1. Would you mind giving the average projected area, over all directions, of the Cα convex hull of region B:1-159 in nm² with one decimal?
2. Between their Cα atoms, which of B:LYS72/B:LYS256; B:LYS16/B:LYS196; B:LYS76/B:LYS256; B:LYS16/B:LYS256; B:LYS46/B:LYS72 are more than 20 Å away from each other?
3. Based only on Cα atoms, what mean projected area does the convex hull of region B:209-285 have, in nm²?
4. Test of understanding: extend the Cα→C-beta vector of A:ARG43 to 7 Å, then name every residue of region A:13-35 with backbone N under 18 Å from that spot.
5. Once the Cα atoms of region B:40-85 are picked out, what are the Rg and Dmax in Å?
6. Alpha carbons only, please: Rg and Dmax for region B:250-305, in angstrom.
7. In nanometres, what is the gap between the two model label sites at A:ALA252 and A:ALA142, each 7 Å from Cα along Cα-to-Cβ?
8. Provide B:ILE388, B:ILE275 in ascending order of the number of other Cβ atoms located within 10 Å of each residue's Cβ, fewest first.
Amino acid sequence: MIASVLPVISPGTLLAAAVTSTAASLWLLLPRGQTGAAERRSRWLGGLLGLAALGCFIATGHRLGGLGEETVFLIVSLVAVISGAATVVTRSPVYSAIWFAMALAGVAGVLLVLGAQFLGVATIVVYAGAILVMFLFVLMLAAPAGLAPYDRVSNEPLLSAVAGAVLLGILSLSIGRLTAEPPLCCRVPSKAVAITGDAAPAAGLPAVAAMSVDLLAENHVARLGGELFGRHLIAVEVAGVLLLVALVGSIAIVSRGASADGTVAPARRAVP
Amino acid sequence: MNAFLPSLPTIVALVKIGLLVGGLMTAAAYLVLVERWMAAWVQDRKGPNRVGIPLTKIRLFGLGQPLADGLKIILKEDFTPRHVDKVLYTAAPVVILAASLAIFAAIPFGSSLPAIPALGLTSEEPLLVAPGLDVGVLWVFALSSIAVYGVLLGGWASNNKYGFLGGLRSSAQLLAYEIPLGLGLLGVVLAAGSLKLDTIMDAQASTGVWFAFAQPLGFIVFLVASFAEAARLPFDLPEAEQELVGGYHTEYSGIKLLLFLVAEFLHMVTAAFLIVIMFLGGWHLWGVTGSGPVETWLVAFIRFAVLSAKIFAVILFFMLVRWSWPRFRFDQLMNLAWKVMLPLGIANLVTVATVEEFRPQLVTAVGEGWAKTVAIAIPWAVFFVGWIAAGMLTPSGTDNTPIRTPGPLDAEHVLDDPQRELVEV
């Protein structure tokens with residue numbers, strides 16, 4: 001998008017700049033045991049670098065379509081990315097969990113904008129609604145203020161920042177391929193229908209595109225269910241068995257205190 | 001057309017959102033008045049009947065009360081205690097209110113309006129903010145689980161033991177009752193074959209059999225679970241006044257407290273909407289509303305009125321229950337969720353799945369009418385069996401004798417209790 005406006009900067013340079021500044025900003029933002037003015041300075045610098053990195057990444061991206069769709073997509077994806085970074089760099093465990101919830105909400109928003117309604121809502125139900133509430137529960141009970149030293153200093157900040165940024169770069173390279181064509185995964189369903197409707201046979205778009213469009217059409221949940229319980233039946237069953245085993249295992253661990261005849265030895269008994 | 005002008009669907013959606021949010025806020029204010037009237041009626045007093053039109057002497061049965069209450073609570077000092085976590089303390093009421101309002105994006109508030117060609121609306125306009133959302137029930141479920149965050153954060157950020165205990169109790173209760181709630185929903189979704197709430201209403205209207213009659217066990221489980229999710233008495237442990245002052249909103253005052261209270265009322269309204277839409281036929285009433293597409297404004301209005309009347313009746317039921325039942329103890333609450341509601345919910349789900357699976361064979365074997373009767377009779381048989389089993393096994397019955405650890409003066413109890421000796425050894 002910006003490549004057309006600024007032909008001087010090639011997309012490759014832009015991506016390299018994005019990856020470098022992401023790594024630097026993450027390293028600056030991560031808690032490294034600094035205090036006072038030094039900490040404040042590195043936070044400011046890291047925040048600015050992070051914004052620059054975000055700008056570079058947006059510039060390497062592709063236009064989605066209509067103005068409204070693009071704005072909404074940009075907002076929810078920015079929420080997801082910024083909250084994801086904040087999850088890692090926040091000092092307090094409770095705030096980390098809250099930022100993680102925000103990141104999940106952003107991801108769910110992205111999925112909803114792209115038409116994957118079931119996945120988006122399931123993300124909220126499963127992660128934000130169940131798992132993360134459990135996390136919060138435990139965090140609030142265990143470390144109310146998050147003052148433990150191992151919470152305040154991150155482990156290997158440089159390596160983790162570089163690894164994360166490089167992974168991000170490789171992913172955006174392999175998904176986006178730095179082409180002028182928007183990647184298949186990022187097409188708005190209505191546009192994708194139009195594209196596959198007339199251009200697919202001629203251009204020979206892969207069958208994956210047709211299938212994903214099919215899944216995102218109306219009666220989306222019914223189609224998804226048919227797909228899951230048709231082509232992927234064994235995977236669904238295996239996952240179900242795995243969950244059942246986990247459930248039985250957790251019950252077995254909890255009831256370890258029971259004696260051989262199945263009665264729990266009473267610690268406190270009702271005295272009549 | 002100018003790209004910056006909103007398109008017609010956008011305008012329609014905005015109008016619906018405006019109507020819905022305005023209507024819900026007004027309804028919440030007036031439901032507080034109704035609740036106080038109900039309390040007064042149950043307790044044989046007069047209740048609020050003085051405030052009428054301001055600056056006049058006209059009383060109007062106290063209909064001005066919500067306005068006065070609202071003004072008063074808004075004008076109160078918005079006090080933030082020094083020991084709270086400021087960011088989360090401010091965010092918690094916003095989160096809970098936003099989540100409980102966003103739920104209504106997927107909840108229909110009527111059937112639909114007939115086409116209005118003059119405005120460019122050429123097809124029936126469904127009375128639902130997001131008609132394209134194919135996962136309506138899941139959306140409701142997801143956002144009601146987001147509301148837990150408001151409670152949990154409010155309790156934690158208050159940095160107060162009453163608030164914290166209220167938040168923990170509340171989140172444990174909401175998590176426990178989400179499971180029977182989901183099991184109740186699943187039976188309906190299975191029978192209607194859709195996650196869209198308007199399709200579920202259409203399914204009940206077209207057969208004429210409301211799901212409360214077809215799945216009595218699911219209805220009971222869902223009803224109890226939605227009482228618990230709305231944290232209404234007998235499930236109002238999160239803010240048990242006698243034990244926890246105000247629970248998670250002990251430290252809140254002024255407009256922030258108002259947000260919490262409105263959100264609580266909206267939870268009750270949501271529960272009433274869901275009960276009516278999923279189990280009591282939605283806008284359908286035999287012989288009055290018809291079941292086909294909406295052709296005239298009269299039908300649209302009648303359906304809207306029937307739905308609203310049903311919802312109001314369910315809300316009145318909620319309020320009557322509040323003033324006639326004592327509160328559960330926490331162990332009773334958990335026993336009810338895990339030992340009664342969960343097995344009954346699973347029994348309902350299995351019954352519905354079996355009936356739906358063998359319905360085509362049943363129709364070919366005994367004909368349409370008898371198949372319908374059998375499909376209703378089997379769930380009722382399961383309902384009575386489950387009821388009797390739950391009553392005879394009394395899994396929620398608890399030993400109400402006081403628990404105390406034997407002290408030195410209680411030696412005789414220790415001696416004549418063999419198990420106690422074992423523990424001591």
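1. Its average projected convex-hull area is 15.6 nm².
2. Over 20 Å Cα-Cα: B:LYS16/B:LYS256; B:LYS46/B:LYS72.
3. Projected area, direction-averaged: 6.0 nm².
4. Only A:25-35 fall inside the zone, counting backbone N under 18 Å.
5. Considering region B:40-85 through its Cα atoms, Rg and Dmax are 15.8, 46 Å.
6. Cα-based Rg and Dmax for region B:250-305 come out at 17.5, 53 Å.
7. It works out to 2.4 nm between the two label points.
8. Ascending Cβ contact count within 10 Å gives the list B:ILE388, B:ILE275.
Read the figures in this text as sums done on the coordinates, not as results from a lab. Values in this document were obtained by computation on a predicted structure and should not be read as measured data. A quick note on method: Cβ atoms are made from the backbone with ideal geometry, for glycine too, and the neighbour counts reach across all protein chains shown.
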